[in-house]
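Asks: Dropping the structure in here first, questions after.
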Amino acid sequence: MEIDFDGSLWRIAAERMKMRREHLIPLSQQAIEILRQLHPLTGSGRYLFPGRTHARPMSENAVLAALRYLFYEQGIMTVHGFRRMASTLLNESGKWSGDAIERQFAHAETDEVRAAYIAAEHLPERFRMMQWWADHLDQLKTGASIVPFRVRRNCILDKYDA
């Protein structure tokens, strides 16, 4: 089984990853709870989100269709867009090291010399980071206080100001 519910860790085997390297994914309390709720529906199958035949996972097109059903128009959000949004906000928060963020997204070290010597997974920081992210999303869902900002006049953003 790939998901360790007690350890809150998802372990994806190297042969299933694009870069052929095992990937460890720390899971937040909220993610574990969602997976526990999902288990009675798909727990006996191979995939958490099976496709029509249950022999394959849900396709990217099926997930895109679900986004459209949730009123995300084409060109507004994509499946990969959620990864981009998380990466951007995690980096901009200033709370997490770039190395931990990159490992969370299974990005390999691009500096070959550094990659040869550093095999760190940054798991303690990534566990804290994923819990912070889940808590942040929960706050947004429940109507967290969002601080509005004003756009300066005569700047490049004027063309977007309706």
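Asks: For the range 33-53, indicate whether the set of residues that are of a type outside the set (A, V, I, L, M), under 21 Å from residue 130 (Cβ atoms) and in contact (Cβ under 8 Å) with a residue 24 or more places away in the chain is non-empty.
Replies: We begin by selecting, within the range 33-53, every residue of a type outside the set (A, V, I, L, M); these are 33, 36-37, 39-40, 42-47, 49-53.
Restricting the remaining residues to those that are under 21 Å from residue 130 (Cβ atoms) gives 33, 36-37, 39, 49.
Then keep just the ones that are in contact (Cβ under 8 Å) with a residue 24 or more places away in the chain; that gives 36.
Looking for residues that are of a type outside the set (A, V, I, L, M), under 21 Å from residue 130 (Cβ atoms) and in contact (Cβ under 8 Å) with a residue 24 or more places away in the chain, one finds at least one in the range 33-53, hence yes.
Asks: Here's another thing I want to ask about it. Those residues that are farther than 16 Å from residue 122 by Cβ and touching a residue at least 24 places away in the same chain (Cβ under 8 Å), I need them from the range 1-11; list them, please.
Replies: Matches in the range 1-11: 3, 5.
Asks: Which of the residues belonging to the range 14-43 are assigned to a loop (DSSP other than H, G, I, E, B) and at pLDDT 85 or above? Give the derivation first.
Replies: Narrowing the range 14-43 to residues assigned to a loop (DSSP other than H, G, I, E, B): 17-22, 27-28, 43.
The answer is 27, 28.
Asks: Which of the residues spanning the range 66-81 are surrounded by 12 or more Cβ atoms within 10 Å (Cβ to Cβ) and either in contact with a Leu (Cβ under 8 Å, 6 or more places away or on another chain) or not in a loop (DSSP other than H, G, I, E, B) (or both)? Full working, then the answer.
Replies: From the range 66-81, those surrounded by 12 or more Cβ atoms within 10 Å (Cβ to Cβ) are 66-68, 72, 77-79, 81; that's our starting set.
Within the range 66-81, 66, 67, 68, 77, 78, 79, 81 meet the criteria.
Asks: Which numbered condition trips up residue 27, out of (1) without any contact (Cβ under 8 Å) to a residue 60 or more places away in the chain; (2) surrounded by 11 or more Cβ atoms within 10 Å (Cβ to Cβ)?
Replies: In the conditions (1) without any contact (Cβ under 8 Å) to a residue 60 or more places away in the chain; (2) surrounded by 11 or more Cβ atoms within 10 Å (Cβ to Cβ), residue 27 misses (1) alone.
Asks: So is residue 48 in contact with a strand residue (DSSP E or B) (Cβ under 9 Å, 6 or more places away or on another chain) and either part of a helix (DSSP H, G or I) or surrounded by 13 or more Cβ atoms within 10 Å (Cβ to Cβ) (or both) or not? So that I can check it myself, show each step before the final result.
Replies: On the way: in contact with a strand residue (DSSP E or B) (Cβ under 9 Å, 6 or more places away or on another chain): yes; either part of a helix (DSSP H, G or I) or surrounded by 13 or more Cβ atoms within 10 Å (Cβ to Cβ) (or both): yes.
Taking the combined requirement at face value, the residue satisfies it.
The values are calculated or read from the model by the stated rules, or taken from the named source; none is laboratory data. Quick caveat, the model's predicted, so the values are computed rather than measured. Note: ideal-geometry Cβ built from the backbone for every residue, glycine included; neighbour counts use all protein chains shown.
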